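The structure appears below as structure tokens.
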Amino acid sequence: MYTFNPGPSQVYPQVRQYLQDAFDEGWLSAPHRGEKFVQMMRLTVQELKTKLNIPQDYTIFFLSSATECWQVLAQSLTPTKSFHLYNGAFGQKWYENARALRPASVGQKFGIDEVPDTDRLPGLDEQTDLVCITQNETSTATQLRDGVILNLYNRLPAKALLAVDATSSMAGVQLKFIKGDIWYASVQKCFGLPAGLSVMVLSPRAIERVRRLNERSHYNSLADQYEKMLNFQTTHTPNVLGLYLLNRSLHDNPPIKTIHQHVVERATKLYDYFDQATQLRPLVSNPETRSYTVIGLQAAPALIEEVRRRALAQDLFIGSGYGELKATSLRIANFPAIPDAAFEQLVQFFAKEFS
Ligand SMILES: *Cc1c(COP(=O)(O)O)cnc(C)c1O
């Protein structure tokens, strides 16, 4: 059985051994204030920075989900309002989550084949604390290329920080962390690990803001988490098993540059194939906005259903559409933990049954 579901997704096969080792090495009962845990946290932070090319002066936080990151960013880094530029369900949920806490927050939607014009953002003003974008919108299978993020970063109002949801791209493609203040992802997507842990990365500028605002009224307030992370500790008993799996898997995986190349090559082949060879069409027609890590296909609802049903009969689990696109699209995760053999089987399936 292979799963192409874009989260929770196929985990790395090594996870089986890591789980056994975690049990045998006593991690499941390890005290989170002890030297053994602190040492593992220190190494995990270092592995993340090395393997994902995160600048050394950025600070790493561990939370439980991307959704928790939305919440924490509104609580701890948004005294007034945030501005949200989005084209799909996850970006919109982030906006709604922020607006529930900071009603002055503003959203601006763009089309899935559209490269947003960073010169024309009417809702973005000097009162904005946080500019929020989704680097890889899992629901529409689109991405914002480096150039768009760079343009936006260069045009930020003086006070604003740039926050980037990279949930379905971090650890799959190379991100230019230096061109953003806050980046986060949960591990059940491109990290190829079980859910229950997220990684949030803050620039020195964002850390300075955390310290100045010093918001401490929630259990997961960033000022408290920052204080603890200075000593590689957490405010509460953390997901030690999740952290251990992350540590092992980062250690054994190649650097992001290698993974990135492989993911992009595979995406290119898949788009080439689906552009021509099947009854389905890529959901996104603009090659500039197509995601590398999530391939969306569109067709009439009956065909979508039949494809997913017949694939499943051959032990291939294809992701459904999401949100508004649920009935008329399907999504194929192109995450690094899914082996090439799985994609060969998938393409054969389409060639035989839906060409
Ligand atoms: C999956 C996903 C989320 C939500 O992640 P959780 O870990 O379930 O909170 C948020 N944003 C994007 C882009 C996602 O793909």
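If H84 satisfies all but one of (1) within 16 Å of the ligand (Cβ to nearest atom); (2) of a type outside the set (K, R); (3) open to solvent by 10 Å² or more (accessible area, probe 1.4 Å), what's the number of the condition it fails?
Going through the list (1) within 16 Å of the ligand (Cβ to nearest atom); (2) of a type outside the set (K, R); (3) open to solvent by 10 Å² or more (accessible area, probe 1.4 Å), H84 breaks only (3).
Pairs under 8 Å by beta carbon, first residue assigned by TED's automatic domain parsing to the domain that holds E126 and part of a helix (DSSP H, G or I) in segment 70-85, partner within 14 Å of the ligand (Cβ to nearest atom) and open to solvent by 20 Å² or more (accessible area, probe 1.4 Å), six or more apart or different chains?
Note: pairs meeting the criteria are W70/K93; W70/N97; Q71/N97; A74/N97.
Scanning for something under 27 Å from H260 (Cβ atoms), in contact with a helix residue (DSSP H, G or I) (Cβ under 8 Å, 6 or more places away or on another chain) and open to solvent by less than 60 Å² (accessible area, probe 1.4 Å), does segment 24-35 turn up at least one residue? If you could, list the steps in order and put the result at the bottom.
At the first step, the residues of segment 24-35 found to be under 27 Å from H260 (Cβ atoms) are none.
Within segment 24-35 (the criterion being under 27 Å from H260 (Cβ atoms), in contact with a helix residue (DSSP H, G or I) (Cβ under 8 Å, 6 or more places away or on another chain) and open to solvent by less than 60 Å² (accessible area, probe 1.4 Å)), the answer is no, since none of the residues qualifies.
For segment 125-147, give me the residue count where each residue is more than 15 Å from the chain's Cα centre (by Cα), open to solvent by less than 10 Å² (accessible area, probe 1.4 Å) and of a type in the set (D, E, K, R).
The number of residues fulfilling the criteria is 1.
So which residues in segment 239-249 are more than 15 Å from F335 (Cα to Cα) and open to solvent by less than 20 Å² (accessible area, probe 1.4 Å)?
We begin by selecting, within segment 239-249, every residue more than 15 Å from F335 (Cα to Cα); these are 239-248.
Scanning segment 239-249 gives V240, G242, L243, Y244, L245, L246.
Select from segment 1-39 the residues that are in a loop (DSSP other than H, G, I, E, B) and closer than 30 Å to R331 by Cα and list them in ascending order. Let's see the steps before the verdict.
The first filter runs over segment 1-39 and keeps only residues in a loop (DSSP other than H, G, I, E, B), leaving 1, 4-14, 25-26, 30-34.
Hits for segment 1-39 are M1, F4, N5, P6, G7, P8, S9, Q10, V11, Y12, P13, Q14.
When you go through (1) open to solvent by less than 60 Å² (accessible area, probe 1.4 Å); (2) within 16 Å of the ligand (Cβ to nearest atom) one by one for L152, which number turns out not to apply?
L152 satisfies all of (1) open to solvent by less than 60 Å² (accessible area, probe 1.4 Å); (2) within 16 Å of the ligand (Cβ to nearest atom) except (2).
Please work out which one of (1) touching a strand residue (DSSP E or B) at 6+ places or on another chain (Cβ under 7 Å); (2) of a type in the set (D, E, K, R); (3) away from the ligand (no atom under 11 Å from the Cβ) is the condition D146 fails and give its number.
(1)
Considering only residues that are of a type in the set (K, R) and in a helix (DSSP H, G or I), which ones fall in segment 265-283? Outline the logic, then answer.
As a first pass, look at segment 265-283 and keep what is of a type in the set (K, R): 266, 269, 281.
Passing the criteria: R266, K269.
Got a sec? Which of V201, V263 is crowded, with 20+ Cβ neighbours inside 10 Å and out of contact with any helix residue (DSSP H, G or I) (no Cβ under 7 Å at 6 or more places or on another chain)? So that I can check it myself, show each step before the final result.
Values: V201 fails: out of contact with any helix residue (DSSP H, G or I) (no Cβ under 7 Å at 6 or more places or on another chain).
Going through V201, V263 in turn, just one is crowded, with 20+ Cβ neighbours inside 10 Å and out of contact with any helix residue (DSSP H, G or I) (no Cβ under 7 Å at 6 or more places or on another chain): V263.
Quick test for you: out of A185, A206, pick the one residue that is crowded, with 20+ Cβ neighbours inside 10 Å and either within 13 Å of the ligand (Cβ to nearest atom) or not assigned by TED's automatic domain parsing to the domain that holds F83 (or both). Outline the logic, then answer.
On the way: A206 fails: either within 13 Å of the ligand (Cβ to nearest atom) or not assigned by TED's automatic domain parsing to the domain that holds F83 (or both).
Matching residue, one of A185, A206: A185.
I want to confirm something. Restricting to segment 164-182 and keeping residues that are of a type in the set (V, I, T) and either closer than 16 Å to N136 by Cα or not assigned by TED's automatic domain parsing to the domain that holds V240 (or both), which single residue is surrounded by the fewest Cβ atoms within 10 Å (Cβ to Cβ)?
From segment 164-182, those of a type in the set (V, I, T) are 164, 167, 173, 178, 182; that's our starting set.
Narrowing further to those that are either closer than 16 Å to N136 by Cα or not assigned by TED's automatic domain parsing to the domain that holds V240 (or both): 164, 167, 173, 182.
Working: V164: 28, T167: 28, V173: 25, I182: 28.
Looking at residues that are of a type in the set (V, I, T) and either closer than 16 Å to N136 by Cα or not assigned by TED's automatic domain parsing to the domain that holds V240 (or both), I get V173.
Answer yes if at least one residue in segment 40-55 is open to solvent by 10 Å² or more (accessible area, probe 1.4 Å) and within 14 Å of the ligand (Cβ to nearest atom), and no otherwise.
No, there is no match, as no residue in segment 40-55 is open to solvent by 10 Å² or more (accessible area, probe 1.4 Å) and within 14 Å of the ligand (Cβ to nearest atom).
The values are calculated or read from the model by the stated rules, or taken from the named source; none is laboratory data. The shown structure was predicted, so the numbers you read here are calculated from the model rather than taken from an experiment. Every residue, glycine among them, receives a Cβ derived from its backbone with ideal geometry; neighbour counts consider all protein chains shown. Only protein heavy atoms, including side chains, enter the accessible area calculation; ligands, DNA and RNA are left aside. Shrake-Rupley method; radii C 1.70, N 1.55, O 1.52, S 1.80 Å.
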